[in-house]
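Written out below as structure tokens is the structure these notes cover.
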Amino acid sequence: MSILARLSARHLHLNRKRTAITILGIALSVAMVTAISGFIVSFQDLLYHDAVNREGLWHVRYSGLDEDTMSRVATEPVFSEHHILEEEGAPVLSLLFDKVDRGLFERSEEVCLRYGIGREQVRYHNNLLIAKGIVPAGYYESLYAFAAILLSLVAIASIMVISNAFSISASERSRQFGLLKSVGATGRQIRAVVQWEGILLGICAIPLGIVVGLLVQGIALAIANSILGTMDSIKFMAEFRVVTAPWVVILAVVAAFFTIFLAAWLPARRAGSQSAIDAIRQTSEIKIRPRDVRISPLTRRLFGFEGTLAAKTMKRNRRRYRTTVISLVVSIVLFVGVSSFGQMLFKASTLVYEDYGSNALVQIDTGTIEEQNRMAAEIASWEGVETFPFRELHGLATIPEHWMTENGLEMLGAGEKKVFLYSLSDDAFEALCRSLRVDPSSLSDPASPGGILINQSGTYIRQGRRHNFTPYRSLTGETLPLTILGKPFSLSIQGESDKIPTAIAMFFSANGMNLVIPEALRQAWSPSDQAEFLNLTVMALDPEGFAEKAEAFLSAGLMNDRYYVANYEAMVANNRNIWALIMIFVYGFIALLSLISITNVITTISTGIALRRREFAVLRSVGMAQRDISRSLRYESLIYGLKSLAFGIPLGIAVSFAMYYALDTSMSFEYIWPTQSILISVVAVVALTFSTMAFSSHRQRTEAIAGILQNEVT
């Protein structure tokens, strides 16, 4: 080992605490690169094994070949393995390519041309090839883009941490570098000392980071497997495994050394370019200009001499102050933004069916009206079950502009619209008519048919904004011409309701006109060759038990599969599980990135206090009490905290708002202020800055003033 390397190793050994913190920062960076890259590889592995377990291991299949052609194709050198299967009574040649890359399609086409195999006879195992990255997939592109963003954030945070560590190290050793230069060391050799520190730190930290990254990956994937096991809507025939690839390890190592190189380059260049006399006198560490350290008189009045001293100290060393504040701001923004995002996702998953007044649905697409009504009556008789049956008919109508309100015209527009005609149960229809003081019998006369207009937009979302408005002017007494499958009809609007009936709430569409009509009128207008379709909206005390019972009842009674049963609470639970799965990975990322930022804060504050030993000794030598010095340091902590919160909280809320507007295009709920996350951030920032400052300054209290000043002079 060269003298420069030994000098670097000795310095790291003598400064074990800062060395340990720097190694921790590098290891966390490597761990995040390893974990994020590993998640992608594990996701690909899950899709690959799921495809194999579902459809078998093959790349391409040729059908409709005679026995001789099959034998010759199977011996082609581009294939490594083949099997002859039977599908629908015909033999099929199933093949594995010797080399799996994007060129396999060209090789397959060459084989097809050689043996006269048509395109319709070729089938590729697309799910397997997508998992292998051979066939492009949109979600993979999104996944890679998301990973690239995360890795970029990791790189930025890591460079901040490691660069700060090297910068502090170089500042602390500036006198040592000056002495080395005074005895003949060149700027290049000084730079080499700093760079050797980076190499030695990397050798220690990178293996540790890879191990930690694999451990994090394993824990996260184990939790993901347990969540996926409880989900009914997503069933994989495989599990997440901790899988890594050579490129993952190489990426982690290269990224770490690249980060260390960038982080060490600027401090090394600064140390190497400084003159010997400036380094010994440390004139470049703190440059004071009167206008740079000017303090408001209000500060002295409010906080006294100690507060003034704290404010001036911050302004004297802006670089260290800025680094600490930026690190805290990054952590606050990430925590507030992502926590708010998690809250919104959870709220979205709970609101999907909350306003419908129902939690299950049964649809029957077979049998006569009498048979369907008999089954609906049987289901309605079950204990703990309330049903809201309805049938529907669709038509088209041209809506004139003068029928629309200002909001309706702006949001929905006039002109040709789809008309949704709903027929409720007799009891529900009569109750609706009575609430509007309309005679239900007057609407059923085929000679003068009538209906009730649902004059309500429901929740209408446009350009990320939620709207709820009255779309039409008062249309009672108006006649609506409409066509149903090309046949003309007309309907008199006899009443209007601003409430959406429970039965149709789940199906209500703001983009069309919604009317309630008598069942007799719907039957008269329905095409004779159209099969009947019954919708049964259900509110059940036990939706899971209801869904199981309804499934068994319908399968036994209908003897076919032309029915559908949905348990919306189970869907909500599945949505929650999906959000929980997403948030496990997101919060894990935020936790690790915050650890890097916290490491940066601790390193900056603790080392900054260590570099100010002489300053504290001078203050004590001229009569300043230790409690006054401690008070000044507490003011510094307060400034760090207030500054970072002043920037971090608004930026975090801005990120939260951006996420809300992105979600509000598909979900409708009011913005949730991240109050809890903000309070946690305030407490965490105050606790971190005050505790770090107090712990770092504790050692200075017991050191002798004369000893410190003598060491500084000599």
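The Cβ shell under 13 Å around Pro440 holds other residues with a net charge of -4, Lys and Arg each +1, Asp and Glu each -1.
Based on the alpha-carbon gyration tensor of the range 399-555 and its eigenvalue square roots a ≥ b ≥ c, which shape applies: rounded if a/c is under 1.5, prolate if not and a/b is larger than b/c, or oblate? Because a/c hits 1.5 or more and a/b fails to exceed b/c, the range 399-555 counts as oblate. With R₀ set to 51 Å, the beta-carbon distance separating Ile199 from Ala658 gives a calculated FRET efficiency near 0.80. Let me know the shape class of the range 182-250, please: from the alpha-carbon gyration tensor, a ≥ b ≥ c as square roots of the eigenvalues, rounded when a/c is under 1.5, otherwise prolate if a/b is greater than b/c, or oblate. Taking the square roots of the gyration eigenvalues as a ≥ b ≥ c, the range 182-250 is prolate.
By a 1.4 Å probe calculation restricted to protein chains, Trp247 has an accessible surface near 120 Å², given to the nearest 10.
Among the listed pairs Lys312/Lys643; Lys418/Lys499; Lys499/Lys549, which have their C-alpha atoms separated by more than 26 angstrom in this model? Checking Cα-Cα distances, Lys499/Lys549 exceed 26 Å. The residues packed around His125, meaning those with a beta-carbon under 11 Å from its beta-carbon, carry a net charge of +3 if Lys and Arg are +1 and Asp and Glu are -1. Tally Lys/Arg at +1 and Asp/Glu at -1 over every other residue whose Cβ is under 15 Å from the Cβ of Leu482; what's the total? Surrounding charge for Leu482 is +1. In the range 1-103, the convex hull through the Cα atoms has an average projected area of 12.2 nm², a quarter of its surface area. Summary value for the range 1-112: 19 percent relative contact order, contacts being C-alpha pairs under 8 angstrom separated by 6+ residues.
In the context of the full protein assembly, Cys112 retains an accessible surface of approximately 20 Å², using a probe radius of 1.4 Å and ignoring ligands and nucleic acids. 3J(HN,Hα) along the range 412-426, derived from phi through the Karplus expression 6.51 cos²θ - 1.76 cosθ + 1.60 where θ = phi - 60°, amounts to 9, x, 9, x, 5, 9, 7, 10, 9, 9, 10, 10, 8, 5, 4 Hz, with x in place of Gly and Pro. Counting only protein chain heavy atoms and rolling a 1.4 Å probe, the accessible areas of Asp542, Asp427 rank, largest first, as Asp427, Asp542. With a 1.4 Å probe rolled over the protein heavy atoms of all chains, the accessible area of Met624, Met237 falls in the order Met237, Met624, largest first.
The 3J(HN,Hα) values that the Karplus relation (6.51, -1.76, 1.60; θ = phi - 60°) gives for the range 615-631 are, in residue order, 4, 5, 5, 5, 4, 5, 5, 9, x, 6, 6, 4, 5, 6, 5, 4, 5 Hz. Gly and Pro appear as x. Each of Thr483, Thr476 has its accessible area taken with a 1.4 Å probe; listed largest first, they run Thr476, Thr483. Does the range 361-469 come out rounded, prolate or oblate, given a ≥ b ≥ c as the square roots of the eigenvalues of its C-alpha gyration tensor, rounded meaning a/c under 1.5 and, failing that, prolate meaning a/b above b/c? Here the range 361-469 falls in the prolate category. Counting heavy atoms of the protein chains alone, Phe236 has an accessible area of about 80 Å² for a 1.4 Å probe.
The values are calculated or read from the model by the stated rules, or taken from the named source; none is laboratory data. The structure presented is a predicted model; accordingly, all values stated were derived computationally and were not measured. With ideal geometry, Cβ positions are generated from the backbone for all residues, glycine too; neighbour counts draw on all protein chains shown. Heads up: the accessible areas ignore ligands, DNA and RNA and are worked out on the full protein's heavy atoms, side chains in. Shrake-Rupley method; radii C 1.70, N 1.55, O 1.52, S 1.80 Å.
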